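The next block holds one structure in the form of C-alpha cells; read it before the comments.
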Amino acid sequence: MERDSKIPRSSRVPVTVLTGFLGSGKTTLLNNILNDTTHGRKFAVIENEFGEVGVDEGILSENVDEEVIEVMNGCICCTVRGDLVVALKKLFGKVAKFDGVIIETTGLADPAPVCQTFFVDDDVKQMYRLDSVITVADAKYIVERLDEKKPEGVENEAVEQVCFADKILLNKIDLVTDEQQLVAIEKKIRGLNPTATIQRTSHSKIDPRDFLDIGAFDLKRVLDFDPEFLDENAEHEHDATVSSVAVKKEGQVNKELLERWIERLIVDEGANLYRYKGVVAVRGEDRKFIFQGVGMMFTGGFCTTKWKPGEVRENRFVFIGKNLDHGFHRRGFEACMTTGTLRFPIGAKVEANVGFGVGGYTSGKVTGHWDEGAAYLVMLDDEDETVVEALIDIDEYIRAPTK
C-alpha cells in the first residue's frame with residue numbers, strides 16, 4: 001500500500017468510506033457495526049443523504065455512544081464536498097474519543113472525489129488516513145445498475161462504486177437463490193474490479209473485523225485505473241433525470257393508507273423508483289414506523305425506538321428516482337396524514353381516475369368515506385354502476401367535475 005512515509009500510520013485517524021448504490025444496505029450495515037459490542041471501538045459517523053430532508057438519522061441506532069454528524073442536502077462528491085472537509089477538521093479535536101471515522105455516502109455519490117479529499121487537502125492529509133473503501137452491492141439489482149445506459153458524458157455511479165472498492169459486500173444474497181446466478185454476478189463485478197475481495201452477505205451482517213481498520217486502500221491501484229484521481233479540477237456529471245422528492249411534516253400518518261398508497265406507486269412507477277424511505281409517526285402508537293424500498297420491493301414496520309416524551313412527531317420521507325413528479329409525490333404523502341377533512345361529501349358528483357397514469361377520469365358519485373383505508377368509494381356512471389376506490393384525496397385520484 002502506498003502512503004506518505006513522513007506521516008506515521010498510527011498517528012492518523014483511520015477512515016472507512018462506505019458506499020454502494022441506493023438501497024444496497026449501507027445504513028443496515030452501519031447499524032450492525034454500531035450495535036456490535038464485540039469490536040470494542042467507538043466511531044464518528046459522517047452521514048450523507050441525497051435530498052433536502054434527512055431520513056437516516058431517524059433509522060440509525062440510538063443505543064450507541066458514537067457521534068453522528070450528518071452532511072445533508074446534496075451529493076457528498078460534489079455539492080457538499082466542502083462540508084465534508086469542514087466536518088473532518090471539526091471532528092479531529094475529539095479524536096481521543098474515537099477509534100475511527102466511517103463516512104456513509106449517498107447512493108448516488110462517486111467515491112473518487114470523497115477519497116481524493118484525503119490526499120489533496122493538506123490539513124486532512126495530516127489528520128486522517130483513508131483505510132478502505134467498502135462498497136455494498138445489492139445482489140438482486142447490481143447487474144441491472146451496472147448495465148444501465150447513461151447519456152453521453154454522464155457517469156454510471158454504480159460502476160464507479162464497484163471500481164473504487166477495496167472490498168465489495170455482495171449483499172441480499174437471500175434474494176438470489178440460484179448459485180450459478182451469484183457466480184455470474186461475481187464474475188461481472190470482477191470484470192470491473194479484479195483486485196477487490198468479494199464477501200457474500202445477507203441483511204448486511206458481517207464480522208466487524210472484516211470491515212474496520214483493515215488497511216486496504218491502495219493509492220497506486222487507484223492511479224493505475226484513474227490517472228486523474230488526484231486532479232482536483234476533474235469533472236464528473238450526474239444524470240440530470242435523477243432527483244429526490246422529500247417531505248418533512250409534523251403530525252401523524254394513517255399507516256394503512258400510507259402502505260396502500262406506496263403499493264399503488266410501486267405498480268405504476270416502480271421502474272423509475274430507485275429508493276424510498278421514511279420515518280413516520282402513526283396515530284395511537286409510540287414506536288416509530290420505518291419503511292423503505294428499492295424498486296418494487298417494499299418493507300415497513302415499527303422499530304424498537306420510541307418517540308420521546310415531548311418530542312415533536314415529525315414525519316420524514318424521501319423518494320429518489322428518475323423523472324419524478326415532485327408535486328404529485330408530496331401531495332400524495334401529505335394526503336396520508338390523519339388531519340384534515342375530505343373535500344367531497346357523500347353524494348357529491350366527482351370524476352375518479354380509473355386509468356391511473358393515462359388520464360382515464362370517469363364521472364361518478366361519492367358513496368362512502370374511509371372504506372378499508374381508502375379515502376373515497378365512488379360509484380361510476382356506467383351501466384354496471386361500478387364502485388371504485390379513490391385511495392387518497394388529491395386530484396390525481398379524484399377531482400371535481402370538469403364539465
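The values are calculated or read from the model by the stated rules, or taken from the named source; none is laboratory data. Just so we're clear, the structure is a prediction, and the values are computed from it rather than from any experiment. We place every Cβ from the backbone using ideal geometry, glycine too, and count neighbours over all the protein chains shown. Side chains are part of the model used for accessible areas, which takes the heavy atoms of the whole protein and leaves out ligands, DNA and RNA. Shrake-Rupley method; radii C 1.70, N 1.55, O 1.52, S 1.80 Å.
Numbers at a glance
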quantity	calculated
Which numbered condition VAL120 misses (of (1) within 24 Å of ASP83 (Cβ to Cβ); (2) open to solvent by less than 20 Å² (accessible area, probe 1.4 Å); (3) modelled with pLDDT under 90)	(2)
Identity of the residue in segment 267-284, within 18 Å of ARG331 (Cβ to Cβ) and in contact with a Leu (Cβ under 9 Å, 6 or more places away or on another chain), that ends up most open to solvent (accessible area, probe 1.4 Å)	ASN272
Residues of segment 371-386 classified as of a type outside the set (S, T, N, Q), within 16 Å of TYR361 (Cβ to Cβ) and open to solvent by 30 Å² or more (accessible area, probe 1.4 Å), total	3
Residue that is open to solvent by 40 Å² or more (accessible area, probe 1.4 Å), of a type in the set (Lys, Arg) and over 21 Å from the mean Cα position of the chain (by Cα), where the choices are ARG264, ARG287	ARG287
Unmet requirement for GLY332, which otherwise passes all of (1) more than 30 Å from MET296 (Cβ to Cβ); (2) touching a Leu at 6+ places or on another chain (Cβ under 9 Å)	(1)
Test: residue in segment 134-146 that is out of contact with any Lys or Arg (no Cβ under 7 Å at 6 or more places or on another chain) and open to solvent by 40 Å² or more (accessible area, probe 1.4 Å)	yes
Tally of residues being assigned to a loop (DSSP other than H, G, I, E, B) and either free of Cβ contacts under 8 Å to residues at least 24 places away in the same chain or open to solvent by 40 Å² or more (accessible area, probe 1.4 Å) (or both) across segment 149-183	9
Top-ranked residue in segment 287-307 [being of a type in the set (S, T, N, Q) and either part of a helix (DSSP H, G or I) or touching a residue at least 40 places away in the same chain (Cβ under 8 Å) (or both); ranked as farthest from VAL242 (Cα to Cα)]	THR305
Single condition LYS248 does not satisfy, out of (1) open to solvent by less than 20 Å² (accessible area, probe 1.4 Å); (2) in a strand (DSSP E or B); (3) not aromatic (Phe, Trp, Tyr)	(1)
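Conditions (1) assigned to a strand (DSSP E or B); (2) free of Cβ contacts under 8 Å to residues at least 40 places away in the same chain, marked per residue:
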residue	(1), (2)
PRO309	no, yes
ARG316	yes, no
GLY321	yes, no
LEU324	no, no
ARG343	no, no
VAL350	yes, no
GLY368	yes, yes
LEU377	yes, yes
ASP382	no, yes
